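Undergrad: Below you'll find the structure I mean.
The values are calculated or read from the model by the stated rules, or taken from the named source; none is laboratory data. Just so you know, these numbers come straight off a predicted model, no measurement behind them. Cβ: placed from backbone, ideal geometry, glycine included. Neighbour counts: every protein chain shown.
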Amino acid sequence: MFERFTDKARRVVVLAQEEARDRRADAIRAEHLLAALYRVPDNLALTVLEAHSVDAEGVRADLDGLRDGLGPADAQALATLGIDLDEVRRQVEDTFGEGALDRARGRARRWSAGHIPFDRGAKKVLELALREALRMGHGYIGCEHVLLGLLNSGGPAQTILVARGARLDSARVIVEELVRWRRAG
Amino acid sequence: MSDATKVAAAASSRDPAVGLAAVASLRGLLESLEELQVTNARDQGWSWQQIADVLRVSRQAVHKKYRRFGF
């Protein structure tokens, strides 16, 4: 499936796997693809997002909120119960070493899976990326098509992007223009 | 408002979004701590029965849950 991917789009797929592993997820999900898009410099998806004034830091913060382990959102929620997550983490790490609390969540998953599969949502994003590329008559799948796939995928990644100001229709128009310019240039 | 008052106010919030999020995060913390402590107990040679007794669950339940860890 990846033979028509550009080098940068392949890089996104590889980095998405890294994101999933770092976040101790049991599968590569659409949100890992989104996080990976931000890690590949100078790609057209980022140009499209900038054109929509999507705040990169904001997206990263939203993605952190989806983290599998215990993140800032959990710390906030636990504080409403009078539990100081940072203090719990500190106590646990004093005894069991750094990252012990977070490592515990990841252990079972690492055991069962050396290779992390794509979940249905991520597969859908890649299929939609292919469909967008074909529809536009582009002979390759680039980061920009992955972004269009994300904007049409119906998952949390789409929710984040839309909440931050990105829109599928205008993104399609911008992608077609950018590719036309690039070809003309 | 002092921290303690703030916590008391949040804990008594009738907003389901606040209360349910706290329960979900508490469950996440519970699972993390349980996994950590079960792993530690197994590392120290505890039997499933011993672990189950202290956790106050059945031996089958704890074994089924942690079998996938590979110990």
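Undergrad: Has region A:108-115 got any residue that is at pLDDT 90 or above and in contact with a Gly (Cβ under 8 Å, 6 or more places away or on another chain)?
TA: First, pick out the residues of region A:108-115 that are at pLDDT 90 or above: none.
No, there is no match, as no residue in region A:108-115 is at pLDDT 90 or above and in contact with a Gly (Cβ under 8 Å, 6 or more places away or on another chain).
Residues are listed down the side, and each one gets a yes or a no for (1) within 16 Å of the chain's Cα centre (by Cα); (2) in the same structural domain as residue A:6 (by TED's automatic domain parsing); (3) more than 20 Å from residue A:12 (Cα to Cα); (4) not in a loop (DSSP other than H, G, I, E, B):
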| site | (1), (2), (3), (4) |
| --- | --- |
| A:26 | yes, yes, no, no |
| A:35 | yes, yes, no, yes |
| A:42 | no, yes, no, no |
| A:60 | yes, yes, no, yes |
| A:87 | no, no, yes, yes |
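Undergrad: Among the listed residues B:60, B:49, identify the single one that is over 24 Å from residue A:102 (Cβ atoms) and either surrounded by 11 or more Cβ atoms within 10 Å (Cβ to Cβ) or at pLDDT below 85 (or both).
TA: Numbers: B:60 fails: either surrounded by 11 or more Cβ atoms within 10 Å (Cβ to Cβ) or at pLDDT below 85 (or both).
B:49 is the lone residue from the list that is over 24 Å from residue A:102 (Cβ atoms) and either surrounded by 11 or more Cβ atoms within 10 Å (Cβ to Cβ) or at pLDDT below 85 (or both).
Undergrad: Please report, ordered by residue number, the helices (runs of 4 or more DSSP H) entirely within region A:123-185 with at least 2 residues that are of a type outside the set (Val, Ile, Thr) and surrounded by fewer than 17 Cβ atoms within 10 Å (Cβ to Cβ). It would help to see each step written out before you state the result.
TA: Numbers: elements: A:143-150, A:156-163, A:168-184.
Correct list: A:168-184.
Undergrad: Quick test for you: out of A:25, A:20, A:16, pick the one residue that is in contact with a His (Cβ under 6 Å, 6 or more places away or on another chain) and at pLDDT below 95. Explain how you work it out, then say what you get.
TA: Numbers: A:25 fails: in contact with a His (Cβ under 6 Å, 6 or more places away or on another chain); A:16 fails: at pLDDT below 95.
Exactly one of A:25, A:20, A:16 is in contact with a His (Cβ under 6 Å, 6 or more places away or on another chain) and at pLDDT below 95, namely A:20.
Undergrad: From the list A:24, A:4, exactly one residue is of a type in the set (Lys, Arg) and farther than 28 Å from residue A:167 by Cα. Which is it?
TA: Numbers: A:4 fails: farther than 28 Å from residue A:167 by Cα.
Just one listed residue meets the conditions, A:24.
Undergrad: Here is a follow-up. If you take the residues in region B:41-71 that are assigned to a helix (DSSP H, G or I) and closer than 27 Å to residue A:82 by Cα, which one is nearest to the other protein chains (Cβ to nearest Cβ)?
TA: So in region B:41-71, the residues assigned to a helix (DSSP H, G or I) come out as B:41-43, B:48-55, B:59-69.
Imposing the further condition that a residue be closer than 27 Å to residue A:82 by Cα reduces the set to B:54-55.
Details: B:54: 17, B:55: 15 Å.
Step by step, filter region B:41-71, then rank; the result is B:55.
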